[in-house]
Amino acid sequence: MEKSASSSKKKKGLKRNGHKIFLLSLCNTIILLFLSYVLNNQSLFTGEDLNQYAWMELVKEKVGLSEQIDYKDALFINVAYDKQLIEKNDELGMPVGNVDITDRTKLLELLNLLTETNRYRYVILDVRFEKGFYSGVDSALFAKIKDMDRVVFANHKDIELADSTLLGKAAINDYASTIVATNFARYKFIHSGQPSLPLYVYHELTGKTIKKHGLFYSCNGKLCKNSLFLRFPTDGFPEYDEKGNKTYYNLGNDILTNYSKNELATLTKDKLVFIGDMVEDVHDTYSGLKPGSIITYHALRSLLEDEHLVSYGLMFFLAVMFFMISLSLFNKESIIKRIPIIRNTKSKVLLFLISFIGYAFVMSLVVSALYLFFDRSISVLIPSLYFSIQKTIIDYKRMKI
């Protein structure tokens, strides 16, 4: 009788602990889904291993999984070789010499041609119009930009515009970096309540935009993210592709010299026209150096393809993963070892290899699989830290017992 009572008491204890572990794992899952969403809305310290993504992109290319981007919906016009010298004054208004800026006379000529042909989808000017840098055609150029339809130019948080009345046609086009995180990784769409350049164009083209609700973001009534890890092909952006076709056109030497108005109309028909420096304005990414205009293009393309919208299928998958990892931590025996095939195996080699499989390894495999097969990128920094701290606490309590 005593043995039966003891066995019954043990079963009740296991059942009670099972309920407790289930509820704790459920709480962990909810907390981690929320924290992961918040982290994935940031642009810095999100924990992506850029070397891992570089290798994965290379693997995708080698096995034919890499997305082929032909940029057929865009036209890139390079202004790197179209410069003019202007006088530069210091903060007290005293002349200090000369500096070069984008040739604004040629820029004005281009905008006039684009207006006359009027075949473009949208014009994105990745050119600075900073206070203190003036040319003789500024009044005409700025008036043109203000009156022109479907045009926006890049503004930056650290500069003051040469003409404050241009603000209506300007949008922030910055990315965050620190001393230890200098590579571009994520693009943030809302800066201090103001839309970024890609979000500005996205709203103009679709009527949709991203709205902030405390820690959450929505787009057209759907939960979304304010930050995206942008995907890039491994190749750079040379002037000619492998077939000898132009990938971008030089403003003065190509567009203004060798193309008629009708040819420009054909070239720009239904295109996103990016005007910027394709040679010197480059940024380091996990996939090599990329021009700023290319980064902007990929950010806008991600919005147009709804990549910023939260995938509930992915959220469910992550919830299952977090829940299973949490159960595994609370149980003394790994859940993997409870799988019948593994539990019944007599192979010491297999059991030895399985002993190395931890939650960090599992999440790393998930990150790789999502990127390789579904072109999805997620940050698992918070779950990794969370489970690491929890495992330390659980192991400490078990040692005391």
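The values are calculated or read from the model by the stated rules, or taken from the named source; none is laboratory data. Since the model is a prediction, treat every value here as computed from it, not as a measurement. Note that each Cβ is placed from the backbone with ideal geometry, even for glycine, and that neighbours are counted across all protein chains shown. For the accessible areas, the whole protein counts, side chains as well, though only heavy atoms, and no ligand, DNA or RNA atoms are used. Shrake-Rupley method; radii C 1.70, N 1.55, O 1.52, S 1.80 Å.
Rank by packing, highest mean first: peptides 323-329, 165-171, with packing defined as the count of other Cβ atoms within 10 Å averaged across residues. Numbers along the way, then the final one.
On the way: 323-329: 20.9, 165-171: 15.4.
The peptides rank, most packed first, as 323-329, 165-171.
Looking at the calculated P(r) for the stretch 144-234, what percent of the C-alpha pair distances fall above 16 Å? Result for the distance tail: 62 percent.
Calculation over all alpha carbon pairs of the stretch 43-109 in 5 angstrom steps from 0 returns a P(r) of 4, 11, 10, 9, 10, 12, 10, 11, 13, 6, 3, 1 percent. Against the chain, whose longest principal axis is taken from its Cα atoms, helix 292-304 shows a tilt of about 60°.
For the chain, taking a cut-off of 4.7 Å between Cβ atoms, the unpaired cysteines are Cys27.
Spin-label model, Lys146/Arg376: points 7 Å from Cα along the beta carbon direction are separated by 4.8 nm.
Can you tell me the relative contact order of the stretch 42-116? Whole percent, Cα pairs under 8 Å, sequence separation 6 or more.
Numbers: 38 pairs, mean separation 13.8, N = 75.
Relative contact order for the stretch 42-116 comes out at 18 percent.
So what's the angle, to the nearest 10 degrees on a 0 to 90 scale, between helix 359-374 and the longest Cα principal axis of the chain? Once rounded, one gets 40 degrees. With every protein chain in place and a 1.4 angstrom probe, the accessible-area ranking of Lys88, Lys60, Lys391, largest first, reads Lys391, Lys88, Lys60. Residue-wise HN-Hα couplings along the stretch 378-388, as the Karplus relation 6.51 cos²θ - 1.76 cosθ + 1.60 with θ = phi - 60° gives them from phi, are 9, 9, 10, 4, 5, x, 5, 5, 4, 5, 5 Hz; Gly and Pro carry x. Cross-link pairs exceeding 18 Å between alpha carbons, from the set Lys208/Lys269; Lys62/Lys290; Lys106/Lys246; Lys72/Lys269; Lys88/Lys144; Lys157/Lys290: Lys208/Lys269; Lys62/Lys290; Lys106/Lys246; Lys88/Lys144; Lys157/Lys290.
The stretch between Thr392 and Glu160 holds 78.5 nm of extra length on full extension. This uses 0.36 nm per residue minus the Cα-Cα distance.
Full extension of the segment from Ala369 to Ile31, taken as 0.36 nm per residue of separation minus the current Cα-Cα distance, would add 119.3 nm. The angle between the Cα long axis of helix 138-147 and the longest principal axis of the Cα atoms of the chain comes to about 60 degrees, rounded to the nearest 10. Mind telling me which of Asn78, Asn258, Asn226 comes out most flexible in a GNM of the chain, alpha-carbon contacts under 10 Å? With Cα springs under 10 Å in the chain, the top fluctuation among Asn78, Asn258, Asn226 is at Asn258. The relative contact order of the stretch 235-315 comes to 21 percent, based on Cα pairs under 8 Å that sit 6 or more residues apart. Considering the stretch 105-148 at the alpha-carbon level, its Rg and Dmax are found to be 10.9, 34 Å. A full extension of the chain between Asn89 and Ser139 corresponds to an added length of 16.1 nm, given 0.36 nm per residue minus the alpha carbon distance. Normalised by the number of residues in the stretch 137-249, the mean separation of alpha-carbon contacts (under 8 Å, six or more apart) gives a relative contact order of 16 percent.
Charges were assigned to the Cβ only: +1 to each Lys and Arg, -1 to each Asp and Glu. The resulting dipole of the chain about its Cα centre is roughly 4140 debye.
Convex hull volume of the Cα atoms of the stretch 188-302, normalised per residue: 141 Å³.
Please compute the volume of the convex hull spanned by the alpha-carbon atoms of the stretch 60-203 and report it per residue in Å³. Present the calculation step by step, with values, prior to reporting the outcome.
On the way: hull volume 26.2 nm³, N = 144.
So the per-residue Cα hull volume is 182 Å³.
Rolling a 1.4 Å probe over the protein heavy atoms leaves Cys27 with an accessible area of roughly 70 Å².
Summarised in one figure, the compactness ratio Rg/Rh of the chain, Cα atoms and Kirkwood Rh, is 1.11. In the frame of its principal axes, the stretch 356-395 has Cα extents of 36, 21, 7 Å, reported largest first.
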